[in-house]
1. Restricting to region 175-191, and then to whatever is exposed (fewer than 14 other Cβ atoms within 10 Å of the Cβ) and in a helix (DSSP H, G or I), can you tell me which residue is modelled with the lowest pLDDT?
2. Would you pick out the residues in region 201-224 that are open to solvent by 20 Å² or more (accessible area, probe 1.4 Å) and either outside any loop (DSSP other than H, G, I, E, B) or in contact with a Ser or Thr (Cβ under 7 Å, 6 or more places away or on another chain) (or both)?
3. On the basis of being out of contact with any strand residue (DSSP E or B) (no Cβ under 8 Å at 6 or more places or on another chain), modelled with pLDDT under 90 and either open to solvent by less than 20 Å² (accessible area, probe 1.4 Å) or acidic (Asp, Glu) (or both), does ALA236 make the cut?
4. Within region 241-248, is even one residue open to solvent by less than 20 Å² (accessible area, probe 1.4 Å) and closer than 18 Å to ALA204 by Cα?
5. Are there any pairs, at least 6 apart or on different chains, whose C-beta atoms fall under 9 Å, with the first in region 55-71 and surrounded by fewer than 22 Cβ atoms within 10 Å (Cβ to Cβ) and the second of a type in the set (Asp, Glu), and if so, which?
6. GLY283 - would you say it is farther than 24 Å from ALA185 by Cβ, modelled with pLDDT of 90 or more and of a type outside the set (Phe, Trp, Tyr)?
7. Of all residues in region 317-328 being open to solvent by less than 10 Å² (accessible area, probe 1.4 Å) and either within 19 Å of the chain's Cα centre (by Cα) or acidic (Asp, Glu) (or both), which is farthest from LEU210 (Cα to Cα)?
Amino acid sequence: MSESTTGRDRGVARAAEELAEKLRELRSQTKKSLKELERVTLVSDSSWSRYLAGRGLPPWAAVEALCREVGREPGELRELWEAARSGADRAAADEAATPSEEEPDAPGAGRPPGPAGSERRRVRGWLLAVSGLVLVGLLVAALWPRADGGTAGSDRTAGSAPAGAVPTTPRTPAAVPGALRAGAAVPEQFRGPIELAARRCTEAEVTPALLAAMLKVESDFDPNLRDQQADEYGIARWTPAIFNAWAVDGDNDGRKDYMSPADAIATMGLYTCWLDQRIKQSGLHSNLPALIAAGYRTSDKAVIQAGGLPVDARAYAGEVLRHLAEYAAD
């Protein structure tokens, strides 16, 4: 490693440490518990615990929300956040370029394809992916809580942390591209949670229509779905262990329940937002809605290593795109 590279890495580490310190100061000023902080930022309390301890980089939208709670201008922290983000981006590139070893005895391995024609994610794959992110002298970059809504046997892994550019002003419903068409066949009771989940993501590709299309393919909007053989439940087909690792309280009732449509949809929104950023970090920028759907079905690694749509996710992505065209307003 060159002297200039070493100095750059030290600078990134210092920026990350200083950012974490300032975030702790802001959180102290809010006088809010981590659970209360989750409700105003839609980032899980466990994730905030990591960010405040300096063990990860929060999404910019979460930093903005925290600043708003104390009336502080978020732009003051932008330079620090960007410096810390540069380390997260390098970690993502290094991790994506490192081949992963599949474990035949991992949970979900060898299961038959689920209803969308793919395999269920491997839980231990996530642990391997996270360990691969650790760089000496740098933070572990993990921006968004994990989520999973796939079918039997997919390898949906956490990979590295997304850190996409975020507008300084949250999008309003009218500004969200891909808004749901008034006559779209999306149940009325789910439109609000879908639209809110999309608005919480600042990536343009994560739209209400895309989330609705994915929910259609996942469960046909059935909040009571129970596939015990695949261990998948609810409107987004959550595996309980994976949901618990990524979940947020979407309906603010004090619980995180994969059978709650609001909780399930909010967490799907966070995960697809993470996927969008992760895929773009890898250099893929074409056909992003299809790639996001494919990543949701398989994993971010599968999409990145395939350089596009993995073969086993093409049918699923095609179905999602078909419904996306049906649901999106002109």
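1. Within region 175-191, the match that is modelled with the lowest pLDDT is ALA175.
2. LYS216, VAL217
3. Criteria not met by ALA236.
4. no
5. Matching pairs, first to second residue: CYS67/GLU73; CYS67/GLU76.
6. It is true that GLY283 is farther than 24 Å from ALA185 by Cβ, modelled with pLDDT of 90 or more and of a type outside the set (Phe, Trp, Tyr).
7. ALA317
The values are calculated or read from the model by the stated rules, or taken from the named source; none is laboratory data. Given the structure is predicted, the values throughout are model-derived calculations rather than measurements. FYI the Cβ positions are ideal-geometry reconstructions off the backbone, even for glycines, and counts take in every protein chain you see. Side chains included, ligands, DNA and RNA excluded: accessible areas come from the protein's heavy atoms. Shrake-Rupley method; radii C 1.70, N 1.55, O 1.52, S 1.80 Å.
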